[in-house]
Structures are given as C-alpha cells and as structure tokens.
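Asks: Sharing a structure, written as structure tokens. Questions coming.
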Amino acid sequence: MVRHQALKGLYETERTIGCGGFAKVKLATHLATGEKVAIKIMDKSLLGDDLPRIKLELKALKTLSHEHICKLYQVIETDTNFFIIMEYCSGGELFDHIVEKNRLSESESRMFFRQIVSAVAYLHSLGYAHRDLKPENVLLDKNQNLKLIDFGLCARPVGGIESPLYTSCGSPTYAAPELVLGKQYLGPEVDVWAMGVLLYALLAGSLPFDDLNIDNLYKKILSGRYEEPMFMSKESLCLIKSMLQVDPKERISVNDLLSHPWLTLGILDPVHIRTEDFRCYDIDCVNTMANYHQVEADTMWNYLKRWKYNYHTATYFLLLEKKKRGQPLKLNSSF
Ligand SMILES: COc1cc(O)cc(Nc2ccc(C(=O)Nc3ccccc3)c(OCCC[NH3+])c2)c1
C-alpha cells in the first residue's frame, strides 16, 4: 500500500534518514530514472506558524544553484502535506565522519572547510544567511563532497544582507554571542561564528563551547574562551580565533576567509564561490525526455526551462546527474 498517494507512480519511499519537529526525511527512488532522492515530508497540520518559513526555504532552494548546496528537484503540495524532493547525500552527516575518525587532519579539514566557505559565501552573495550551520546540516555525497542542507532558518532580510535580524534561531552550541544575548545581529556574522565552531570541530573532534547546563554554555560562549589543543597548529588556531571573536565587528568577513592563507595553502587562487548553474540546457537530457514523450526537442526545452519544480524538472535534473556519472540516459517505460 503506497503510504502517500501524491507519490504513487512517481517515487518509491524506503527508510527514514532523518526526522525533526514537523518533518521527516525519507530515502526514495525516482521511478522514471531509478535515481535515489531524499524526500522531506511535512505534515501541514503540525506546521502552525512555521508555514511562512517553509515557503521562504522553498523560495531560497529554487534560487540556489551550487555544487556544495543540496539540490532541490521537486515540490509537491497536497491539502495535508508538503513533499520536498531533494538530492540524496549518500555519505551521510559530516558529524558522523568526524566522530568515526575522532578528528580530521589539517589537510582533510581544509578540503572540507573550503567547500563550506564557498557555499556560505555564495549564499551571502545572494543576500541569504543560513543561520543554522552545524555538522548535522553538512552532508557528504558519494564522492565525499560536502552538501549544505536545511535552509529552514535561512534569512534574506528585506533591507539586504547588511540589515539586522532579530529572530533568535539555530542551535545554542553554535550560536554567536549576539544571538545568545538576543541582540540585533547580522546573518553573515552569525554564520562566520558558526563556521568557526565547525572548523574547530573538524580539527579538534570536540566543540569549543560545550556544557550540559545551558546557562554555563551561554557563559562560555559570551566569554569567547575555549581550549586550544596542543595538536592544533598555530595557523589553524589563528584562523579559528579570527572567527570566534565575541564582538561581531572584530570577526573576519567571509570575503577575507575566501583568500585566507590557511584556506588557500597549496592552491594558487582564492576559494571560488560560483559554480555552474545546473539549470543549464543539456541536449542529451532534453532529447532523452523529448523522445520519451514523443515531442520535438525545442517543445520539451520550452516546457522545462519554466523550472516548475514538478516531476519533469526532477527527471531532467536526475538525468543530468546520470550523465555526469557517465551512465546511459534512459527513462523507465513503466513511468
Ligand atoms: C537544501 O537541502 C535541504 C534542505 C532541507 O530543508 C532539508 C534537507 N534535507 C535532507 C536532504 C538529504 C538528506 C540526506 O541525504 N541524508 C542522509 C543520507 C544518507 C545517510 C544519512 C542521511 C537529509 O538527511 C536528513 C538527516 C541529516 N541531518 C536531509 C536538505
């Protein structure tokens, strides 16, 4: 029995790979291509006044196109549910990768951190701030490339990225001092602090500010003091220090991060923030779909380029993924 009629004939759901307050994330198969996807299923009756946040996240996801940001493929809305169909990141959470290895080497941390900075700088360049950066929201794909997820808290302040926000959000362990104090704050500065906590977690295998008692945790965050393990290099500690500045105005900017010597070590140019837009015209994928639906290629493309984020959008994006892996482009006849 198909659990959700809205997915019947389109997706076959499998195990649950994540669950949160009003949503659960299930692994699924996109039947037309046989590709794996992640489907975030939200019960509208549990959303309450979080509905605007979902709409904001969907608007953001439809705008974002970056190799280190989890891709949106399709959105299905019914009277009772939202189904957000996204890229499946088979490598799981970065958090588990760190725990498994106890801590990462400086070079592996650098490889991951460059990808995180690239994705966050790209977000900021479009006027968004993530506001909930933490290892659980950084996933790995099959090639150990990072994918940022969960933009449920992302913000795009009306007055632009430099206008203050007030909503307190995100997880306390990664929260910047100005957030903890409930002060006005700027999204990018809060994201830089969280990236400092993330980089510390990669290199140290532990958190800079941690305490089971929330008041003690807040005191530690507001003090800005944390352990500096002996095994961490001077250069790493210096970079982390520039990100974990209690005064947001003293904190390094994302732009300075992009060309920071620690990040660019061994690489000639600064971290690039733009990557090819996956909403590109690909003749092989268009032809595959045109032939399947027995229409002309330009008719097919004129339909696809409206990016309706329906099943055909998902099919096109997943054919692009197949092509990138060098696999034959075919669509299952049962579909
Ligand atoms: C922009 O990307 C988003 C936004 C959003 O609101 C939610 C999600 N959710 C996702 C997407 C993919 C996965 C996933 O592939 N997870 C996974 C794969 C293999 C092993 C274990 C997990 C996802 O996982 C949910 C748990 C992660 N904390 C959530 C993406």
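The values are calculated or read from the model by the stated rules, or taken from the named source; none is laboratory data. The model shown is predicted, which means the values in this text are computed figures rather than measured ones. Neighbour counts are summed over all protein chains in view; Cβ atoms, including those assigned to glycine, are modelled from backbone coordinates with ideal geometry.
Asks: Suppose we filter 23, 28 for residues that are in contact (Cβ under 8 Å) with a residue 12 or more places away in the chain and within 18 Å of residue 318 (Cβ to Cβ); which single one remains?
Replies: Being in contact (Cβ under 8 Å) with a residue 12 or more places away in the chain and within 18 Å of residue 318 (Cβ to Cβ) holds for just one of 23, 28, which is 28.
Asks: Considering only region 12-20, I want to know if a residue exists there that is within 11 Å of the ligand (Cβ to nearest atom), surrounded by fewer than 20 Cβ atoms within 10 Å (Cβ to Cβ), within 21 Å of residue 133 (Cβ to Cβ) and at pLDDT below 90.
Replies: yes
Asks: Pairs needed: first member in region 64-75, hydrophobic (A, V, I, L, M, F, W, C); second member anywhere, part of a loop (DSSP other than H, G, I, E, B) and near the ligand (Cβ under 8 Å from one of its atoms); C-beta distance under 6 Å; at least 6 residues apart or different chains.
Replies: Listed by first residue and then by second, the contacts come to 70/149.
Asks: Could you tell me which numbered condition residue 316 fails, if it satisfies all but one of (1) assigned to a loop (DSSP other than H, G, I, E, B); (2) under 23 Å from the mean Cα position of the chain (by Cα); (3) surrounded by 14 or more Cβ atoms within 10 Å (Cβ to Cβ); (4) of a type outside the set (A, V, I, L, M, F, W, C)?
Replies: All conditions are met except number (1).
Asks: Of the numbered conditions (1) surrounded by 14 or more Cβ atoms within 10 Å (Cβ to Cβ); (2) within 16 Å of the ligand (Cβ to nearest atom); (3) over 21 Å from residue 133 (Cα atoms), residue 97 fails exactly one; give the number of that condition.
Replies: (3)
Asks: Now a separate question. Restricting to region 276-305, give me the number of residues that are among the aliphatic types (A, V, I, L, M), in contact with a helix residue (DSSP H, G or I) (Cβ under 6 Å, 6 or more places away or on another chain) and in contact (Cβ under 8 Å) with a residue 12 or more places away in the chain.
Replies: 5
Asks: State which residue is nearest to residue 58 (Cα to Cα) when the search covers only region 26-43 and only residues that are surrounded by fewer than 21 Cβ atoms within 10 Å (Cβ to Cβ) and aliphatic (A, V, I, L, M).
Replies: Here the residue is 27.
Asks: Find all pairs meeting these conditions: Cβ atoms under 7 angstrom apart; at least six residues apart or on different chains; first residue within region 192-221 and within 15 Å of residue 257 (Cα to Cα); second residue among the polar types (S, T, N, Q) and at pLDDT 95 or above.
Replies: 199/109
Asks: Whether any residue in region 16-36 is under 30 Å from residue 265 (Cα atoms), more than 19 Å from the chain's Cα centre (by Cα) and small (Gly, Ala, Ser) is what I want to check.
Replies: No; the residues of region 16-36 include none that is under 30 Å from residue 265 (Cα atoms), more than 19 Å from the chain's Cα centre (by Cα) and small (Gly, Ala, Ser).
Asks: Then there is this: Note down all Cβ pairs under 8 Å where the first residue falls in region 133-149 and is more than 17 Å from residue 110 (Cβ to Cβ) and near the ligand (Cβ under 9 Å from one of its atoms), the second is part of a strand (DSSP E or B) and among the β-branched types (Val, Ile, Thr), and they're at least six residues apart or on different chains.
Replies: 147/69; 147/138; 148/69; 148/138; 149/138
Asks: Tell me the residue from 274, 306 that is under 25 Å from residue 115 (Cβ atoms) and loosely packed, with under 14 Cβ neighbours inside 10 Å, please.
Replies: On inspection, the qualifying residue turns out to be 274.
Asks: Condition first: over 24 Å from residue 280 (Cα atoms), hydrophobic (A, V, I, L, M, F, W, C) and more than 14 Å from the ligand (Cβ to nearest atom). Can you find one or more residues in region 118-130 that meet it?
Replies: Yes - at least one qualifying residue is present in region 118-130.
Asks: Quick check on residue 33: is it more than 10 Å from the ligand (Cβ to nearest atom), of a type in the set (Val, Ile, Thr) and either at pLDDT below 90 or closer than 19 Å to residue 142 by Cβ (or both)?
Replies: yes
Asks: Can you spot a residue in region 295-305 that is part of a helix (DSSP H, G or I) and closer than 23 Å to residue 69 by Cβ?
Replies: yes
Asks: Hey, among the residues in region 53-82 that are among the hydrophobic types (A, V, I, L, M, F, W, C) and more than 10 Å from the ligand (Cβ to nearest atom), which one's surrounded by the fewest Cβ atoms within 10 Å (Cβ to Cβ)?
Replies: 56
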